[in-house]
């Protein structure tokens with residue numbers, strides 16, 4: 001028998017703080033390298049340091065904050081090698097999800113969900129809303145992974161997609177001239193949907209891999225999934 005347990009009716013304070021910090025990191029409001037001061041943040045959130053520390057430790061465990069001895073906590077930095085690492089990990093996760101999908105028999109329903117995300121991408125471009133465009137793009141990939149039915153793939157993808165958003169916020173401005181035309185991005189996503197509908201596993205996996213590699217090359221010139229990260233600056 002289980003002991004009497006109180007039902008949980010609302011999100012804990014630490015969870016709320018972690019969610020808000022995660023969002024600020026993801027959108028670039030807290031840029032890479034930012035030091036997080038407990039005193040300032042506790043005052044901003046109007047909370048004690050206990051739940052704040054719990055929230056920040058959650059983000060450390062997620063890999064979004066790093067701890068430096070005698071210095072404190074910092075938002076992780078993103079270098080070209082990190083772009084390579086993030087997208088190569090995403091490629092592995094999304095290929096695994098796609099294989100489950102293409103063999104699962106529910107392709108048409110999933111394709112419809114993905115098509116809605118692509119429509120939102122095109123609409124965001126018409127409205128000249130880069131943030132909405134990025135959200136729709138990432139929602140496409142999140143939906144693809146969630147539809148696989150694998151909780152573990154979905155769990156691995158969450159931090160990777162947050163880090164992807166960080167990459168786009170931190171690096172897209174630097175490489176804006178090289179960043180992919182929206183029409184090309186929409187076309188790539190539609191080809192992925194077509195391959196899923198057709199049940200063409202080899203084509204689907206190849207398109208996903210090429211899509212990831214293209215993003216790596218545009219966000220971190222000199223880097224490719226096929227050749228590895230660019231050499232570190234001397």
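For the reader, a short list of remarks on this structure follows.
- Highlighted here are the helices (runs of 4 or more DSSP H) found entirely within the stretch 94-206 that include at least 3 residues which are under 27 Å from residue 64 (Cα atoms): 130-146, 151-171.
- Exclusive hit being at pLDDT 95 or above and out of contact with any strand residue (DSSP E or B) (no Cβ under 8 Å at 6 or more places or on another chain), set 165, 107, 90: 90
- Residue within the stretch 27-48 that is closer than 18 Å to residue 138 by Cα and either modelled with pLDDT under 95 or touching a strand residue (DSSP E or B) at 6+ places or on another chain (Cβ under 7 Å) (or both) present: yes
- When the stretch 207-230 is filtered for residues that are out of contact with any helix residue (DSSP H, G or I) (no Cβ under 8 Å at 6 or more places or on another chain) and not in a helix (DSSP H, G or I), only 227 remains.
- Residues of the stretch 66-93 classified as part of a strand (DSSP E or B) and surrounded by fewer than 16 Cβ atoms within 10 Å (Cβ to Cβ), total: 4
- Residue 49 within 19 Å of residue 209 (Cβ to Cβ) and surrounded by fewer than 20 Cβ atoms within 10 Å (Cβ to Cβ): no
- Selection within the stretch 11-53 - in a helix (DSSP H, G or I), in contact with a helix residue (DSSP H, G or I) (Cβ under 7 Å, 6 or more places away or on another chain) and closer than 20 Å to residue 166 by Cα: 17, 18, 21, 22, 25, 26, 27
- Looking only at the stretch 196-208, and only at residues there that are crowded, with 18+ Cβ neighbours inside 10 Å and in contact (Cβ under 8 Å) with a residue 60 or more places away in the chain, the one that is nearest to residue 96 (Cα to Cα): 205
The values are calculated or read from the model by the stated rules, or taken from the named source; none is laboratory data. Source: prediction; values computed, not measured. Note that each Cβ is placed from the backbone with ideal geometry, even for glycine, and that neighbours are counted across all protein chains shown.
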